[in-house]
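Engineer: Okay, here's the structure, questions in a sec.
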Amino acid sequence: MNAVLEQISKIGIVPVVKLDRAEDAIPLARALCAGGLPCAEVTFRTDAAAEAIRLMVSQFPDMCIGAGTVLNAGQVDAAVEAGAKFIVSPGFNPNTVRYCLEKNVPITPGTSSPSDIEQAIELGLDVVKFFPAEQSGGLARIKAMAAPYVNMKFMPTGGINAKNLNSYLDFDKVIACGGSWMVPAELINNGEWDKIEQLTREAVQTMLGFELAHVGINAQNETEAKKAAERFCFLFGWAVKPGSSSVFSGTAVEVMKEPFKGTNGHIAIRTNYIRRAVNYMSTVLGVEFDEPKRDEKGMYKAIYLKEEIAGFAVHLVQR
């Protein structure tokens, strides 16, 4: 997968933006970054698009800014000259796709049928937009089309919102979802950047779904660990679950048989998408992490923050 599309995959959500005024670009970009989505697809549906991209790229160089609703080579040139890192089109125009490939510009053309996907494969693409997603059959149609085209991945856009976002992202052939629910035109035109920041933050939290998984307590030895775990179970009706290095009280409390990470113990936070959580926390919040634990397929299972909080090590775990 192209490096820019890999970056989009780690972010998970691409705000699809329509700007009537180029001067709105910088405060919008600031709101998106503050809310946790350093990414935007600026649609070429208005005359302000190219200048808006230019302003965003100049003031927020670390953002992943692309151009959407690109219909022809002329718009590709305008977008790339303005600094767009990727191109998105609503449909599959072979001429536009070839032009982008010749210029080595990542493009995700719109598709909604197997014929579209076969054209994309013929031109060497491995990621396509699925549009309009909900109106074209939604996740069920993506899964049906993905079955025979095992190497193709999708970026659905159209009708995606906070209610159905995670159902799409849960499918491993979906790299990210495009959506405009966090950047509605009314809020942009009214300059309500604080509300856009709030909606963006809510979208990120919906996607990541952080919640407490368990608390780990450091005991000095196995005897103390068993005693503490059994006491929790007696008080709260949980079941004792002995393990090789710890004893669990139900699923909420883990008592280590000898001191482990953290002065007092550790706290495990569960998330829907651990790699996206790491990307968000490191690039947006500036958090530093230790090396992750991986499963047999090389996927992240758990990863510790380098810092302790109130004497506790903290780690993320995949839901």
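Engineer: Looking only at the stretch 1-39, count every residue that is under 15 Å from A67 (Cα atoms) and either among the small types (G, A, S) or assigned to a helix (DSSP H, G or I) (or both) and tell me the total.
Structural biologist: Summing the residues that are under 15 Å from A67 (Cα atoms) and either among the small types (G, A, S) or assigned to a helix (DSSP H, G or I) (or both) in the stretch 1-39 gives 6.
Engineer: On to the next question. If A84 meets every condition in (1) over 19 Å from the mean Cα position of the chain (by Cα); (2) surrounded by fewer than 22 Cβ atoms within 10 Å (Cβ to Cβ); (3) at negative phi apart from one, which number is that one?
Structural biologist: Going through (1) over 19 Å from the mean Cα position of the chain (by Cα); (2) surrounded by fewer than 22 Cβ atoms within 10 Å (Cβ to Cβ); (3) at negative phi one by one, A84 breaks only (2).
Engineer: When the residues of the stretch 163-197 are filtered to those that are buried (at least 16 other Cβ atoms within 10 Å of the Cβ) and polar (S, T, N, Q), which remaining residue is farthest from T271 (Cα to Cα)?
Structural biologist: Across the stretch 163-197, the extreme among qualifying residues is S180.
Engineer: Further question on the same structure: With the requirement that a residue be over 18 Å from V42 (Cα atoms) and assigned to a loop (DSSP other than H, G, I, E, B), what does the stretch 162-189 give you?
Structural biologist: Scanning the stretch 162-189 gives A162, K163, N164, D170, F171, D172, K173, I175.
Engineer: Yes or no: the stretch 232-254 includes at least one residue that is over 28 Å from the mean Cα position of the chain (by Cα), within 19 Å of A310 (Cβ to Cβ) and not in a strand (DSSP E or B).
Structural biologist: Looking through the stretch 232-254, none of the residues is over 28 Å from the mean Cα position of the chain (by Cα), within 19 Å of A310 (Cβ to Cβ) and not in a strand (DSSP E or B).
Yes/no matrix, rows are residues, columns are (1) among the aromatic types (F, W, Y); (2) assigned by TED's automatic domain parsing to the domain that holds G12; (3) without any contact (Cβ under 8 Å) to a residue 12 or more places away in the chain; (4) exposed (fewer than 14 other Cβ atoms within 10 Å of the Cβ):
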site: T43; (1), (2), (3), (4): no, yes, no, no
site: D62; (1), (2), (3), (4): no, yes, no, yes
site: N93; (1), (2), (3), (4): no, yes, no, no
site: S112; (1), (2), (3), (4): no, yes, no, no
site: Q119; (1), (2), (3), (4): no, yes, no, no
site: E122; (1), (2), (3), (4): no, yes, yes, yes
site: V127; (1), (2), (3), (4): no, yes, no, no
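Engineer: List pairs: first residue in the stretch 294-313 and loosely packed, with under 12 Cβ neighbours inside 10 Å, second residue among the small types (G, A, S) and in a loop (DSSP other than H, G, I, E, B) anywhere in the structure, Cβ distance under 8 angstrom, at least six positions apart or on different chains.
Structural biologist: Taking only residues 6 or more apart or on different chains, the pairs are G311/G262.
The values are calculated or read from the model by the stated rules, or taken from the named source; none is laboratory data. Note that this is a predicted model, so its numbers are computed, not measured. Positions of Cβ are backbone-derived with ideal geometry, glycine not excepted, and every protein chain shown enters the neighbour counts.
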